[in-house]
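Engineer: Structure in structure tokens, see below.
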Amino acid sequence: MSGLKLKRICQIMKPEPGNPMEVEGVLNPGAARGPDGNLYLFPRYVAKGNYSRIGIVRVQFNEAGDPVGVEKLGIALEPEAEYELRSDGSGGCEDARVTYFEPLKRYIMTYTALSPRGPRIAMAESVDLLHWKRLGLVTFEPFDGIDFVNVDNKDAFVFPVAIPNHNGKMQIAILHRPLFQGTRPEETIFQGKKSRMVDLDHESIWISYSPMPLDNPESDHIGLFNSHHRLATPVSHWERLKIGGGTPPILTKHSWLIVYHGVSEMEEPDENKHHLCYSAGAMMLSEEHPQFIHYRSVEPVLTPEMPQEKFGIVPNVVFPTGIDKRDDIGMPDRFDIYYGMADNSIGVARLDLPDYLPPEGVADPPEAKV
């Protein structure tokens, strides 16, 4: 394991027996502190046929300050827009990430809309975390022959403050992970460990920028994201098949912290089937220019070990999506990470940030196919 480690606290949510909205899992929650100081989660409720809604729950804590349970408050989003519905009646609003965007004084939710063309990134906004207004699909300008618009895209989130783009202009920045054809773990797993070739342009987490709300704070229109920069690509053994976003960036005493996910092949696959393993790693991005990586964990900070993580709808999965800085109990270096467990339930683990980052952090390989 890395010098940074997550300590499990509990399984905080699981499907409610008899609830048809949760029959196929409760997972991958966004997290944010509300204007009232309470912590709210936005779990994905999965009904029959992989039909997903985004719920709202309030987290309950014990006297020690650890999360122990939730109070359900309703639904934030369910499939209603044309880009969330398919002609066969399926669809979904999935895997929310929530950030309080300071320049606009409102919360921004990025989520996966299961559109007729495949998964796409959508946005919604709120001033209180309880009432949400859709902002539509996120659009991207092509870059050097790379088409971000007409490919599947997931695991996106924005920074909580304006970030300088490559020209130094302060804009809204989004991290996203396009899923180009041939880059899904189910496809790359068959290439074999020795012959595995990583396409640095098409198998990466990207950072992109948009001038939209900052130039017109009252606008409900989402601007075109451009000024693209490749942030990170698969490097370590535990992420060799794929990496993707996890928790939204949060500023720490070191720099911007994100807890992301990586996918590898299980060491002992079944005779007729290759099994995937989803683990979590930590990444530190430059505070001034977050397109540069300061630290990246060589080993995962969390990997499936508990029965709830090893067995479920999709086995061997820990999938971080929510983060809570524990200023509320006077522990600014403690971060609670909320994560999906085997695509079936939700766990929470604790990260205590050390005074010094471990020396073994790695960044991306050279700008070439490796």
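The values are calculated or read from the model by the stated rules, or taken from the named source; none is laboratory data. Because the structure is a prediction, the values reported are computed rather than measured. Cβ coordinates were reconstructed from backbone atoms using ideal geometry, including for glycine residues, and neighbour counts include every protein chain displayed.
Engineer: Does Arg86 fit the bill of being at pLDDT 95 or above, among the basic types (Lys, Arg) and surrounded by fewer than 24 Cβ atoms within 10 Å (Cβ to Cβ)?
Structural biologist: no
Engineer: Contact list please: Cβ distance under 7 Å, first residue in segment 84-109 and of a type in the set (A, V, I, L, M), second residue surrounded by fewer than 16 Cβ atoms within 10 Å (Cβ to Cβ), pairs at least six apart or on different chains.
Structural biologist: Between residues of segment 84-109 that are of a type in the set (A, V, I, L, M) and residues that are surrounded by fewer than 16 Cβ atoms within 10 Å (Cβ to Cβ), the close pairs are Leu104/Pro217.
Engineer: Does segment 324-334 include one or more residues that are within 17 Å of the chain's Cα centre (by Cα) and modelled with pLDDT of 95 or more?
Structural biologist: There is at least one residue in segment 324-334 that is within 17 Å of the chain's Cα centre (by Cα) and modelled with pLDDT of 95 or more.
Engineer: Go through segment 290-328 residue by residue and tally those that are crowded, with 21+ Cβ neighbours inside 10 Å, of a type in the set (Val, Ile, Thr) and farther than 17 Å from Met266 by Cβ.
Structural biologist: 3
Engineer: What's the number of the only condition in (1) touching a Leu at 6+ places or on another chain (Cβ under 6 Å); (2) surrounded by fewer than 17 Cβ atoms within 10 Å (Cβ to Cβ); (3) at positive phi that Gly91 fails to meet?
Structural biologist: Exception for Gly91: condition (2).
Engineer: Mind checking which pairs have a first residue in segment 283-298 that is without any contact (Cβ under 8 Å) to a residue 40 or more places away in the chain and over 9 Å from Gly361 (Cα atoms) and a second that is surrounded by 22 or more Cβ atoms within 10 Å (Cβ to Cβ) and among the charged types (D, E, K, R), Cβ under 9 Å, 6 or more apart or different chains?
Structural biologist: Close Cβ pairs satisfying both conditions: none exist.
Engineer: Next question. Working only within segment 132-146, note down all residues that are in a loop (DSSP other than H, G, I, E, B) and under 18 Å from the mean Cα position of the chain (by Cα).
Structural biologist: If the condition is that a residue be in a loop (DSSP other than H, G, I, E, B) and under 18 Å from the mean Cα position of the chain (by Cα), then Val138 is the only one that fits.
Engineer: Does Val26 fit the bill of being closer than 26 Å to Leu302 by Cα and out of contact with any helix residue (DSSP H, G or I) (no Cβ under 9 Å at 6 or more places or on another chain)?
Structural biologist: yes
Engineer: Given the residues Leu214, Leu251, which is the only one that is out of contact with any Lys or Arg (no Cβ under 6 Å at 6 or more places or on another chain), closer than 30 Å to Arg326 by Cα, surrounded by fewer than 18 Cβ atoms within 10 Å (Cβ to Cβ) and modelled with pLDDT under 90? Quick ask: steps written out before the conclusion?
Structural biologist: On the way: Leu251 fails: modelled with pLDDT under 90.
Criteria check complete, one pass: Leu214.
Engineer: Looking at segment 7-22, I want the residues that are closer than 29 Å to Val301 by Cα and have a partner that is basic (Lys, Arg) and assigned to a strand (DSSP E or B) with Cβ atoms under 6 Å, at least 6 apart or on another chain. Which pairs are those?
Structural biologist: Lys7/Arg350; Ile9/Arg350
Engineer: Right, here's the next one. Out of curiosity, is Pro79 assigned to a loop (DSSP other than H, G, I, E, B) and modelled with pLDDT of 95 or more?
Structural biologist: It is true that Pro79 is assigned to a loop (DSSP other than H, G, I, E, B) and modelled with pLDDT of 95 or more.
Engineer: Only one residue in Glu288, Glu305, Glu268 is of a type in the set (D, E, K, R), more than 19 Å from the chain's Cα centre (by Cα) and modelled with pLDDT of 95 or more. Which one? Steps first, answer last, please.
Structural biologist: Working: Glu288 fails: modelled with pLDDT of 95 or more; Glu268 fails: modelled with pLDDT of 95 or more.
Criteria check complete, one pass: Glu305.
Engineer: Now for a separate question. Does segment 150-159 contain any residue that is over 20 Å from Ile250 (Cβ atoms), part of a loop (DSSP other than H, G, I, E, B) and out of contact with any Cys (no Cβ under 8 Å at 6 or more places or on another chain)?
Structural biologist: Yes, segment 150-159 has at least one match.
Engineer: Continuing with the same structure: I'd like the residue in segment 106-118 that is surrounded by fewer than 19 Cβ atoms within 10 Å (Cβ to Cβ) and touching a strand residue (DSSP E or B) at 6+ places or on another chain (Cβ under 6 Å) and, out of all such residues, is nearest to Ser90 (Cα to Cα). Reasoning before the result, please.
Structural biologist: Residues of segment 106-118 that are surrounded by fewer than 19 Cβ atoms within 10 Å (Cβ to Cβ), as a first pass: 106, 116-118.
Cutting the leftovers down to touching a strand residue (DSSP E or B) at 6+ places or on another chain (Cβ under 6 Å) gives us 106, 118.
Working: Arg106: 31, Gly118: 12 Å.
In this case the residue turns out to be Gly118.
Engineer: Of the residues Val348, Val318, which is closer than 19 Å to Gly30 by Cβ, out of contact with any Cys (no Cβ under 8 Å at 6 or more places or on another chain) and modelled with pLDDT of 95 or more?
Structural biologist: Val318
Engineer: Which residues, counting only those in segment 152-167, are more than 20 Å from Ala280 (Cβ to Cβ) and charged (D, E, K, R)?
Structural biologist: Asp152
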